[in-house]
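Each remark here refers to the structure printed beneath this line.
The values are calculated or read from the model by the stated rules, or taken from the named source; none is laboratory data. For clarity, every value in this text was computed on a predicted model and none was experimentally measured. Note: ideal-geometry Cβ built from the backbone for every residue, glycine included; neighbour counts use all protein chains shown.
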Amino acid sequence: MGNILEGVQVLDMGRYIAGPFCAAMLADLGADVIRVERVGGSEDRFVVPVAPDGSGAIYMQSNRNKRSLTLDFTQQAGREILKRLIERSDIVIANMPHRTLVKLGLDHDQIKQINPSVIFVTASAFGWKGPYRDRVGFDGVAQTMSGAVHLSGPPGQPSKAMVPYVDYMTGMAAAFGAVAALYDRKNTGEGQRVEATLIKSALNIASAFLIESQLLGIQRESTWNRSPLASPSDIFRTQDGWIIVQVIGGSLFRKWAEMIGRADLCDDPRFVNDEERGRHGDAISEIMQGWCSQYTTRHALELLSTRKIPAGPLYTPEQAVRDDGLHQSDVYWPMDYPGVEKPVPVVQSPVSFSRGTSQDGARAPTLGEHNAEILRGLGYLPNEIESFSQDKII
């Protein structure tokens, strides 16, 4: 079996993370993805710059396995090129507010006039319905509005996660929707619009606390790193670092109590179930901290592993990249990028398959690297392509 999405044509007009990451997941599965950005490069190419040409880490992660085309579609010739691309595409991806898409002529109604069977995938902050449809927003806005930030950080000092997890979840949701729409089109012959939103992604992640609040009236406050739902579930200091330990369920709690030599804790009425252990988690965390203080990180993790208690070390980004076990688990795609002295540790797709191969992994393209190749494929002649370049259309 070849690449799972071999033959599927994707036009990636996404920006920053959600849209490009959606396209990257489709590219990983073998789709031919053309990333279109403005002449000179789009803003998201240069976030967290790590290469001599200014290309950034976010760009390298979210644009592997793609081809690059620069295009000024404010000019008539650029719009004609874009039209040809849309005509040949199975999927078009854009993550912009609805009003912006309409202004650029890239909303679903206008695109389906060019290609009625196209699957149009959008990733936006709030979607195309309701009073927030034209609002702009990044990952942090969705985190903050979901209730998650209220529950994070030191009590009284809300803390947003530094990593944009909502963006990446939205990209994965958009990719899931795109593949589902492909399957539907196979059965019906019809394209459709697929939408993923940052706010729905964030609210899904925080949904347990939303439902609890609505049904039981429980208004939770931050407990910092300690879980309010079970215990011990916290980050603890060892003699030479930090570890996280997550004990959930009665069976694990008994294993944990026996491991630290405190089987009596199983008979303590404060710790009769997860709910009560979460309520009295400060007392359990204090006990666990005393145990962790006796050991190095490595020794503590060995003891916890022996009892099959979920635990792991707190890593810096550098330590996460250097973990040999992760490399042996095929977590990373080390890729060479022009001008960069070290291999770029691009993280592989979170999904893998036992049958049906995905891409081996190609680095993110340099700006406009495939301009001539793509335009030739659209039927343009060499002299026309040269003219486009001179006129800064590409």
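Numbers for the structure displayed
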| read-out | value |
| --- | --- |
| Of residues in region 300-322 being in contact (Cβ under 8 Å) with a residue 60 or more places away in the chain and of a type outside the set (A, V, I, L, M), the one farthest from Phe253 (Cα to Cα) | Pro313 |
| Which numbered condition Asn225 fails, given (1) out of contact with any Asp or Glu (no Cβ under 9 Å at 6 or more places or on another chain); (2) without any contact (Cβ under 8 Å) to a residue 40 or more places away in the chain | (1) |
| Residues of region 229-272 classified as farther than 21 Å from Ile218 by Cα and either more than 32 Å from the chain's Cα centre (by Cα) or in a helix (DSSP H, G or I) (or both), total | 21 |
| Only one of Leu301, Leu216, Leu265, Leu229 that is exposed (fewer than 13 other Cβ atoms within 10 Å of the Cβ) and not assigned by the TED database to the domain that holds His150 | Leu216 |
| Lone qualifier among Ala178, Ala161, Ala148, Ala174 - being outside any loop (DSSP other than H, G, I, E, B), among the small types (Gly, Ala, Ser) and either within 12 Å of the chain's Cα centre (by Cα) or more than 18 Å from Asn95 (Cβ to Cβ) (or both) | Ala174 |
| Any hit, region 196-207, residues being outside any helix (DSSP H, G or I) and free of Cβ contacts under 8 Å to residues at least 24 places away in the same chain | no |
| Which numbered condition Gly379 fails, given (1) at pLDDT 95 or above; (2) surrounded by 12 or more Cβ atoms within 10 Å (Cβ to Cβ); (3) over 16 Å from Ser68 (Cβ atoms) | (2) |
| Any helices (runs of 4 or more DSSP H) falling wholly within region 39-106 and containing at least 2 residues that are closer than 24 Å to Trp333 by Cβ and among the hydrophobic types (A, V, I, L, M, F, W, C) | 57-62 |
| Some residue of region 365-372 being on the phi < 0 side of the Ramachandran plot, among the acidic types (Asp, Glu) and surrounded by fewer than 16 Cβ atoms within 10 Å (Cβ to Cβ) | no |
| Residue match in region 259-281 (condition: farther than 30 Å from Thr170 by Cα and among the polar types (S, T, N, Q)) | yes |
| Top-ranked residue in region 97-153 [being free of Cβ contacts under 8 Å to residues at least 60 places away in the same chain and of a type in the set (Asp, Glu); ranked as nearest to Glu221 (Cα to Cα)] | Asp134 |
| From Asp240, Asp167, residue being more than 30 Å from Val92 (Cβ to Cβ) and either of a type outside the set (A, V, I, L, M, F, W, C) or touching a residue at least 12 places away in the same chain (Cβ under 8 Å) (or both) | Asp240 |
| Identity of the residue in region 83-113, of a type in the set (S, T, N, Q) and in contact with a strand residue (DSSP E or B) (Cβ under 8 Å, 6 or more places away or on another chain), that ends up surrounded by the fewest Cβ atoms within 10 Å (Cβ to Cβ) | Ser89 |
| Within region 181-195, considering residues that are assigned to a helix (DSSP H, G or I) and not hydrophobic (A, V, I, L, M, F, W, C), the one surrounded by the most Cβ atoms within 10 Å (Cβ to Cβ) | Arg185 |
| Filtered residues of region 158-176 (kept if surrounded by 15 or more Cβ atoms within 10 Å (Cβ to Cβ) and among the β-branched types (Val, Ile, Thr)) | Val166, Thr170 |
| Restricting region 84-103 to residues that are among the charged types (D, E, K, R) and at pLDDT 95 or above, the residue that is farthest from Asn371 (Cα to Cα) | Asp90 |
| Pick from region 36-82, criterion charged (D, E, K, R) and touching a Gly at 6+ places or on another chain (Cβ under 9 Å), ranking: surrounded by the most Cβ atoms within 10 Å (Cβ to Cβ) | Arg45 |
